[in-house]
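The values are calculated or read from the model by the stated rules, or taken from the named source; none is laboratory data. All values reported here derive from a predicted model rather than from experimental measurement. Every residue, glycine as well, gets a Cβ built from its backbone with ideal geometry; the counts of neighbours run over all protein chains shown.
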Amino acid sequence: MLRVDGRLSNIIRPISITPNFIDYAIGSVLIELGKTRVICAVSLLPNVPPFLKNKKTGWLTAEYAMLPAATHTRMQRESTSTQRQGRAVEISRLIGRVFRSVVNLDAIGEQTLAIDCDVIQADGGTRTAAIIGTSYALHLAQNKMLSAGLISSPFIKTEISAISVGIFEGQPILDLNYVEDSKAEVDFNFVLTKSGDLIEVQGTAEQAPVKWETFEQLRLLAQSGLDQIFDQLPKIS
């Protein structure tokens with residue numbers, strides 16, 4: 001099956017990583033996943049939330065947002081709205097949750113790793129791109145913190161990544177762009193470790209219930225996509 005952008009059904013979009021995209025973050029990247037572009041930055045804060053005070057452990061938090069011109073129709077800037085967008089809150093929580101599962105917070109002491117993911121152009125898969133970019137940015141931050149003596153041992157326990165899969169026009173496809181995502185009959189996002197262990201899966205059947213055989217087919221397709229991502233990502237020295 002040839003898709004609207006010329007890809008086969010089991011091929012991801014091209015990935016490009018620009019490391020150290022922001023001078024003042026301890027780790028940052030610009031990730032481009034096809035036409036989706038996200039800036040992911042990691043800052044180190046010298047404190048923790050009150051519930052962790054004097055517990056000798058750290059914290060990790062995340063915020064996700066989209067710039068007004070990131071989509072075809074300009075969005076309202078969140079700072080001018082009376083409340084945060086529900087989707088942005090949900091994705092922020094997802095990013096924080098999945099990385100807390102693979103970061104040894106005891107290793108950073110009473111400090112906070114603050115992750116900021118800002119979508120500058122959206123063409124589907126913004127949350128998966130944010131997770132891919134954040135994983136890379138966290139590795140950059142870890143290396144800088146080790147070099148500066150801010151930590152004595154690595155805090156990343158395992159590499160993770162994320163990918164979308166779905167059913168579009170009756171066919172299973174990998175890494176949906178906006179056109180496919182907006183019309184998909186089934187849509188799932190998988191967050192997996194490099195070894196294939198599951199961290200989180202999100203998804204829904206838009207038009208009809210999904211058979212378990214179909215879900216398993218999509219799971220295997222997601223795993224093949226994660227293998228492609230790890231093959232394409234540049235190595236961190």
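Brief remarks follow.
- Given (1) closer than 22 Å to Ile131 by Cβ; (2) in contact (Cβ under 8 Å) with a residue 40 or more places away in the chain, number of the condition Gln171 does not satisfy: (1)
- Looking across the range 161-186, the residues that are charged (D, E, K, R) and over 21 Å from His72 (Cα atoms) come down to Glu169, Glu185.
- Test: residue in the range 47-65 that is outside any helix (DSSP H, G or I), free of Cβ contacts under 8 Å to residues at least 12 places away in the same chain and closer than 27 Å to Asp23 by Cα: no
- Flag for Leu140 being among the aliphatic types (A, V, I, L, M), modelled with pLDDT of 95 or more, closer than 23 Å to Ile236 by Cα and not in a helix (DSSP H, G or I): no
- Among the residues here, Ala107 does not qualify as surrounded by fewer than 20 Cβ atoms within 10 Å (Cβ to Cβ), modelled with pLDDT under 95 and among the hydrophobic types (A, V, I, L, M, F, W, C).
- If the condition is being of a type in the set (S, T, N, Q) and part of a strand (DSSP E or B), then the range 175-194 contributes Asn189, Thr193.
- Residues satisfying the stated conditions in the range 62-79, i.e. within 17 Å of Arg127 (Cα to Cα) and hydroxyl-bearing (Ser, Thr, Tyr): Tyr64, Thr71
- Evaluated against (1) surrounded by fewer than 22 Cβ atoms within 10 Å (Cβ to Cβ); (2) under 23 Å from Ile31 (Cα atoms); (3) in contact with a helix residue (DSSP H, G or I) (Cβ under 6 Å, 6 or more places away or on another chain), Ser153 falls short on exactly one condition, (2).
- Check on Pro172, over 27 Å from Gly6 (Cα atoms) and either of a type outside the set (Lys, Arg) or not in a loop (DSSP other than H, G, I, E, B) (or both): no
- When the range 79-104 is limited to residues that are of a type in the set (A, V, I, L, M) and at pLDDT 95 or above, the one that is farthest from Asn47 (Cα to Cα) turns out to be Ile91.
- Verdict on Ile199 being within 18 Å of Gly27 (Cβ to Cβ), of a type outside the set (S, T, N, Q) and in contact with a helix residue (DSSP H, G or I) (Cβ under 7 Å, 6 or more places away or on another chain): no
- Scanning the range 8-46 for residues that are in a loop (DSSP other than H, G, I, E, B), in contact (Cβ under 8 Å) with a residue 60 or more places away in the chain and not hydroxyl-bearing (Ser, Thr, Tyr) yields Asn10, Ile11, Ile12, Arg13, Pro14, Asn20, Ala25, Ile26, Gly34, Lys35, Pro46.
- Set Ile199, Ile229: member being touching a Leu at 6+ places or on another chain (Cβ under 8 Å), in contact (Cβ under 8 Å) with a residue 40 or more places away in the chain and either surrounded by 14 or more Cβ atoms within 10 Å (Cβ to Cβ) or closer than 18 Å to Tyr136 by Cβ (or both): Ile199
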